[in-house]
Amino acid sequence: MSVLEEAPFRFPEAPARADLVAKYFRGLGDPIRVRILELLREQGELSVGVLVEQLGESQPKVSNHLVCLRWCGFVEARREHRMVYNRISGGRVSAMLDLALALLADNEEHGA
């Protein structure tokens, strides 16, 4: 099975580069996913249970968002016995969040 077939969202039959980039950034298109990234960035590795508690969302919903974030490469998971711990997958993800916040601040009048 290819990466495109495993994607948590649909792709055209023969996706163009623009299709792939747009779908990739959809990973940041949900406030819960952005909040997950912020929590992981602030607190380091967290289990799904801790994320559920801190977000106030259901376990299936948080797990589905984590699948999307892992598929996009924003989050990595590490299994320790029965527990799975999630973390930001690297400095570039944190840098991307910083850039998004800076762009938002630069365009504050448009976001209001």
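Brief remarks on what is shown
- Yes/no for S89 being in contact with an Asp or Glu (Cβ under 6 Å, 6 or more places away or on another chain), open to solvent by less than 80 Å² (accessible area, probe 1.4 Å) and within 17 Å of L39 (Cβ to Cβ): yes
- Residue satisfying all of: in the range 77-86; out of contact with any helix residue (DSSP H, G or I) (no Cβ under 7 Å at 6 or more places or on another chain) and not basic (K, R); surrounded by the most Cβ atoms within 10 Å (Cβ to Cβ) among these: Y85
- Among residues of the range 16-44 that are closer than 14 Å to W71 by Cα and touching a residue at least 12 places away in the same chain (Cβ under 8 Å), those with a Cβ under 7 angstrom from a residue that is surrounded by fewer than 16 Cβ atoms within 10 Å (Cβ to Cβ) and among the aromatic types (F, W, Y), sequence gap 6+ or separate chain, pair up as K23/F9; K23/F11; R26/F9.
The values are calculated or read from the model by the stated rules, or taken from the named source; none is laboratory data. Keep in mind the model is a prediction, meaning the values are calculated, not measured. Neighbour counts run over all protein chains shown; Cβ positions are idealised from the backbone, glycine included. Note: areas computed on protein heavy atoms with side chains; ligands, DNA, RNA excluded. Shrake-Rupley method; radii C 1.70, N 1.55, O 1.52, S 1.80 Å.
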